[in-house]
1. In the stretch 52-96, what residues are of a type in the set (S, T, N, Q) and either at pLDDT 95 or above or under 26 Å from Pro25 (Cβ atoms) (or both)?
2. When you go through Glu74, Glu90, Glu69, Glu62 one by one, which is the residue that is surrounded by fewer than 11 Cβ atoms within 10 Å (Cβ to Cβ), outside the structural domain of Gly10 (by TED's automatic domain parsing) and either more than 10 Å from the chain's Cα centre (by Cα) or within 25 Å of Glu11 (Cβ to Cβ) (or both)?
3. Suppose we keep only residues that are outside any loop (DSSP other than H, G, I, E, B) and more than 13 Å from the chain's Cα centre (by Cα) within the stretch 77-87. Which one would you say is nearest to Arg6 (Cα to Cα)?
4. Step by step: first the residues of the stretch 40-59, then only those that are surrounded by 12 or more Cβ atoms within 10 Å (Cβ to Cβ) and among the acidic types (Asp, Glu), then the one that is nearest to Pro110 (Cα to Cα). Which residue is that?
5. With respect to Val45, is the statement that it is at pLDDT 95 or above, β-branched (Val, Ile, Thr) and assigned by TED's automatic domain parsing to the domain that holds His15 true?
6. For the stretch 58-92, name all the residues that are in contact (Cβ under 8 Å) with a residue 40 or more places away in the chain, in contact with a strand residue (DSSP E or B) (Cβ under 9 Å, 6 or more places away or on another chain) and over 13 Å from Val103 (Cβ atoms).
Amino acid sequence: MIEVRRDEDGELLGHLRPVGAGWEPVTVFHAALACPAGRDDAEAVVRRDGLSCLADPWWLEEAPGRWVEVRIQEAHPDRLRVRWADPLAEQPAHGRWVDPRAVRVQRHHP
């Protein structure tokens, strides 16, 4: 796994994960951003989308086969603070912490 950091301030943008003969661009919490590609192309995806995509809708598998649309409030390699997108869903005002290594999180509706 290779870290990709912003040149100006060293902010972590995401990672490149080796997959076969290519590299998969992934977020700071290791969710795929795009299909594997050459290293330069994969790095360009991380630089372009690594942080900005965190403002997009995401999907979290709350229970096996039960996906919930969420908004990411805070992202770290080992934890995410999310809020359910449904404003009527019962949830803590500050959001909910989840471990992205223990639950599936993806950009597109499954």
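1. In the first step, residues of the stretch 52-96 are kept if they are of a type in the set (S, T, N, Q); the result is 52, 73, 91.
Residues satisfying the conditions are Ser52, Gln73.
2. On the way: Glu74 fails: surrounded by fewer than 11 Cβ atoms within 10 Å (Cβ to Cβ); Glu69 fails: surrounded by fewer than 11 Cβ atoms within 10 Å (Cβ to Cβ); Glu62 fails: surrounded by fewer than 11 Cβ atoms within 10 Å (Cβ to Cβ).
When all the criteria are applied, what remains is Glu90.
3. Going through the stretch 77-87, the residues outside any loop (DSSP other than H, G, I, E, B) turn out to be 79-84.
When the remaining residues are screened for being more than 13 Å from the chain's Cα centre (by Cα), the result is 83-84.
Values: Arg83: 27, Trp84: 29 Å.
Ranking the qualifying residues of the stretch 77-87, first place goes to Arg83.
4. Our first condition is that a residue be surrounded by 12 or more Cβ atoms within 10 Å (Cβ to Cβ); within the stretch 40-59, this holds for 41-51, 53-54, 57-59.
Narrowing the set further to residues that are among the acidic types (Asp, Glu) leaves 41, 43, 49.
Values: Asp41: 25, Glu43: 25, Asp49: 20 Å.
Among residues in the stretch 40-59 that are surrounded by 12 or more Cβ atoms within 10 Å (Cβ to Cβ) and among the acidic types (Asp, Glu), the one nearest to Pro110 (Cα to Cα) is Asp49.
5. Details: at pLDDT 95 or above: yes; β-branched (Val, Ile, Thr): yes; assigned by TED's automatic domain parsing to the domain that holds His15: yes.
The answer is yes for Val45.
6. Glu69, Ala75, Pro77 - these are the residues of the stretch 58-92 that are in contact (Cβ under 8 Å) with a residue 40 or more places away in the chain, in contact with a strand residue (DSSP E or B) (Cβ under 9 Å, 6 or more places away or on another chain) and over 13 Å from Val103 (Cβ atoms).
The values are calculated or read from the model by the stated rules, or taken from the named source; none is laboratory data. These figures come from a predicted structure and were not determined experimentally. Cβ sites come from the backbone with ideal geometry, for glycine too, and all protein chains shown count toward neighbours.
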